[in-house]
1. Could you please let me know if residue 244 is surrounded by 16 or more Cβ atoms within 10 Å (Cβ to Cβ), outside any helix (DSSP H, G or I) and at pLDDT 85 or above?
2. Can you tell me which residue is nearest to residue 108 (Cα to Cα) among those in region 37-62 that are more than 19 Å from the chain's Cα centre (by Cα) and not hydrophobic (A, V, I, L, M, F, W, C)?
3. Within region 258-271, is even one residue under 25 Å from residue 126 (Cβ atoms) and exposed (fewer than 11 other Cβ atoms within 10 Å of the Cβ)?
4. Does region 103-131 hold any residues that are outside any helix (DSSP H, G or I) and surrounded by fewer than 17 Cβ atoms within 10 Å (Cβ to Cβ), and which are they?
5. Exactly one condition in (1) assigned by TED's automatic domain parsing to the domain that holds residue 282; (2) more than 23 Å from residue 324 (Cβ to Cβ) is not met by residue 213; state its number.
6. Report the residue count in region 43-60 for those that are in a loop (DSSP other than H, G, I, E, B) and more than 16 Å from residue 113 (Cα to Cα).
7. Against the condition at pLDDT 85 or above, in a strand (DSSP E or B) and outside the structural domain of residue 79 (by TED's automatic domain parsing), how does residue 300 come out, does it pass?
8. For region 21-45, how many residues are exposed (fewer than 12 other Cβ atoms within 10 Å of the Cβ) and closer than 20 Å to residue 90 by Cα?
Amino acid sequence: MQDVTMVGIDLGKNTFHLHGQDRRGKAVFRKKLGRRQLVEFFATFHACTVVMEACAGAHHMARLLTTFGHQVKLISPQFVRPFVKSNKNDFVDAEAICEAASRPTMRFVTAKTESQQTLSALHRLRESFVRDRTRTINQMHGLLLEFGVSLPVGKASVARLPAFLTEHSLPPRLIAILQRLHEHYKYLDSEVGHIEKEINTQLADDELGQRLLTIPGIGPVMAAEMGDGNQYRCGRDFAASVGLVPRQYSTGGKATLLGISRRGDKNIRRLLVTCARAYMLRLEGRTGHLAEWVRAMLTRRHSNVVACALANKLARTAWSLAAHGTAYCAGLTVASD
């Protein structure tokens, strides 16, 4: 099997299906291996190109196989799907991965480091706590409304819920339920606070993160999510990778642009749109070219469209700061890379 130049792996939880081919694309072997067998196989196999889909466990496997001297490439699953021939099975998927990786214009995903994955896990945990906290608040509002009590909107009213309950004659069992929900809310709120402090601590030692925080609207969570931007050619490529550019459906020389593509990392896209909306909420007190551009856009476009356009501009600005090592200057126009 010395003539094998590329191996495609269809990743699984416990079993992995391999497809090896030579430089001409001819299949050389197919193997089904367990996790330990896979590591032992590549530890003794000659250096080659190993290709996998960018899914669960792919980044860890990419780091591991790189230590054995292999060149590892990760492909987005949506780019592999068109190369699946006829009926689908694990070996056919592995072959399709090799076929997709053989295309000269194929785009690949950069493997994450352990620190990047750990930080990403921290963000996912924070997002989960925030979602549960919102669900708990809504549940308290709903239960009180069933008994004719309307709790004022806002976190301040939820924080003083025990005192609020004494002002109304409610069943003792309901009060006990609400008190348990309130304790759960306080736990979730404290955990969100602890995670945000940890993110701020990490950003305090990160020179890039500090520069990104100078961009209007960019918060600590978004700054911690940004990479160094070296895997993108320009700012538009980064904005396109997170789905903030129009989806195109053109034919016959007629250009048709639709809504944003929504491809790539949905969490970064959501954070960028949230940053844009936060900027727009305080637009009255803002000055500079960016504020003037947003005001001009709002005169002729819906606020949702402007929010996506501003998120695109913030993404390009963040990439420029990360890739070029520069600082944000409010008096300058944003580069249109």
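The values are calculated or read from the model by the stated rules, or taken from the named source; none is laboratory data. No experiment lies behind these values; they were computed from the predicted model shown. Positions of Cβ are generated from backbone atoms using ideal geometry, with glycine treated the same way; all protein chains shown enter the neighbour counts.
1. Numbers: surrounded by 16 or more Cβ atoms within 10 Å (Cβ to Cβ): yes; outside any helix (DSSP H, G or I): yes; at pLDDT 85 or above: yes.
It is true that residue 244 is surrounded by 16 or more Cβ atoms within 10 Å (Cβ to Cβ), outside any helix (DSSP H, G or I) and at pLDDT 85 or above.
2. In this case the residue turns out to be 49.
3. For region 258-271, residues under 25 Å from residue 126 (Cβ atoms) and exposed (fewer than 11 other Cβ atoms within 10 Å of the Cβ): absent.
4. Of all residues in region 103-131, those outside any helix (DSSP H, G or I) come to 103-113.
Within region 103-131, 103, 104, 105, 106, 107, 108, 110, 113 qualify.
5. Looking at each condition in turn, residue 213 falls short on (2).
6. Keep residues of region 43-60 that are in a loop (DSSP other than H, G, I, E, B), which gives 45-48, 54-57.
Subset that is more than 16 Å from residue 113 (Cα to Cα): 45-48.
Of the residues in that region, 4 qualify.
7. On the way: at pLDDT 85 or above: yes; in a strand (DSSP E or B): no; outside the structural domain of residue 79 (by TED's automatic domain parsing): yes.
So residue 300 does not fit the description; no.
8. Count: 3.
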